[in-house]
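K.L.:
Quick one: structure below, then a few questions.
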């Protein structure tokens, strides 16, 4: 798997109005941290960051070249903050990796194939688990894990985490008995939708908008 490259420059601006000024110039502030290194405040071109996040996702590695530092950092995106309304990236944390140390990351579940229970028997496919937590060395990280649903031949059948065979070098940490996908009768889906539609009282806790945070 090809490793993406990012260019960064050291950042002297830390917070407040100066950070907002950076963002108006299409600059995204960030932090690079990791085991055995001092955290480094950096900044990126916003278009390059958006492109890298779309391509790399949360579990693919990126080579980060910081101006003034000879060796690049092999890193993954750890925390990406988005503007509340515009949904553009306003801050990100990257974790520098050690090739000899495993790392835990979430990866997307990608469904492949067609389920005979859905195609031929009229069942409804529920994609219950969209992400899996995995652990691997940086060189073994994968952007996603594929799950073949063609084995679901009867309504009522399901695929759990324990049924998935991970790629070489990857350990799945998600609970083994969690459902990933399940085929149900259409009537069951209507009943579930009815339950979700019923009003539920919730406690609202206010939180400062992400646009005001660094």
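K.L.:
Across region 70-85, what is the total count of residues that are surrounded by fewer than 14 Cβ atoms within 10 Å (Cβ to Cβ) and either without any contact (Cβ under 8 Å) to a residue 40 or more places away in the chain or not assigned by TED's automatic domain parsing to the domain that holds residue 54 (or both)?
P.N.:
Here the count works out to 3.
K.L.:
Say whether the condition of being out of contact with any strand residue (DSSP E or B) (no Cβ under 6 Å at 6 or more places or on another chain), touching a residue at least 12 places away in the same chain (Cβ under 8 Å) and farther than 22 Å from residue 141 by Cα is met by at least one residue in region 49-67.
P.N.:
Taking every residue of region 49-67 in turn, none turns out to be out of contact with any strand residue (DSSP E or B) (no Cβ under 6 Å at 6 or more places or on another chain), touching a residue at least 12 places away in the same chain (Cβ under 8 Å) and farther than 22 Å from residue 141 by Cα.
K.L.:
Still on this model: Taking region 26-46 only, how many residues are surrounded by fewer than 11 Cβ atoms within 10 Å (Cβ to Cβ) and either at negative phi or not assigned by TED's automatic domain parsing to the domain that holds residue 76 (or both)? Give the steps one after another, and end with the answer.
P.N.:
Quick first cut of region 26-46, residues surrounded by fewer than 11 Cβ atoms within 10 Å (Cβ to Cβ) only: 35-36, 38.
Going one step further and asking which of them are either at negative phi or not assigned by TED's automatic domain parsing to the domain that holds residue 76 (or both), we end up with 35, 38.
Summing the residues that are surrounded by fewer than 11 Cβ atoms within 10 Å (Cβ to Cβ) and either at negative phi or not assigned by TED's automatic domain parsing to the domain that holds residue 76 (or both) in region 26-46 gives 2.
K.L.:
Here is a follow-up. Would you pick out the residues in region 1-59 that are part of a loop (DSSP other than H, G, I, E, B) and modelled with pLDDT under 80?
P.N.:
Restricting attention to region 1-59, the residues satisfying the condition of being part of a loop (DSSP other than H, G, I, E, B) are 1-3, 11-16, 25-26, 35-36, 57-59.
Passing the criteria: 1, 2, 3, 13, 14, 15, 16, 57, 58, 59.
K.L.:
Starting from residues that are out of contact with any helix residue (DSSP H, G or I) (no Cβ under 9 Å at 6 or more places or on another chain) and more than 18 Å from residue 113 (Cα to Cα), keep the ones in region 174-186 and report whichever is surrounded by the fewest Cβ atoms within 10 Å (Cβ to Cβ).
P.N.:
Step one: filter region 174-186 for residues out of contact with any helix residue (DSSP H, G or I) (no Cβ under 9 Å at 6 or more places or on another chain), giving 182, 185-186.
Applying the additional criterion that residues be more than 18 Å from residue 113 (Cα to Cα) yields 185-186.
Numbers: 185: 14, 186: 10.
So the residue we want is 186.
Let's see how each residue does on (1) surrounded by fewer than 19 Cβ atoms within 10 Å (Cβ to Cβ); (2) farther than 20 Å from residue 53 by Cα:
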{"site": "113", "(1), (2)": "yes, yes"}
{"site": "125", "(1), (2)": "yes, yes"}
{"site": "143", "(1), (2)": "yes, no"}
{"site": "147", "(1), (2)": "no, yes"}
{"site": "152", "(1), (2)": "no, yes"}
{"site": "165", "(1), (2)": "yes, yes"}
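K.L.:
Select, from 139, 112, the only residue that is within 23 Å of residue 33 (Cα to Cα) and not assigned by TED's automatic domain parsing to the domain that holds residue 60.
P.N.:
Details: 112 fails: within 23 Å of residue 33 (Cα to Cα).
After ruling out the rest, the residue left standing is 139.
K.L.:
If a residue has to be farther than 23 Å from residue 86 by Cα and in contact (Cβ under 8 Å) with a residue 60 or more places away in the chain to count, how many in region 1-48 make the cut?
P.N.:
Summing the residues that are farther than 23 Å from residue 86 by Cα and in contact (Cβ under 8 Å) with a residue 60 or more places away in the chain in region 1-48 gives 9.
K.L.:
Filter region 86-109 for residues that are under 25 Å from residue 173 (Cα atoms) and out of contact with any strand residue (DSSP E or B) (no Cβ under 8 Å at 6 or more places or on another chain); which is surrounded by the most Cβ atoms within 10 Å (Cβ to Cβ)?
P.N.:
For region 86-109, the residue satisfying everything is 101.
The values are calculated or read from the model by the stated rules, or taken from the named source; none is laboratory data. Because the structure is predicted, anything quoted here is derived from the model rather than measured. All Cβ positions, even for glycine, are placed from backbone atoms using ideal geometry, and neighbour counts span all protein chains on display.
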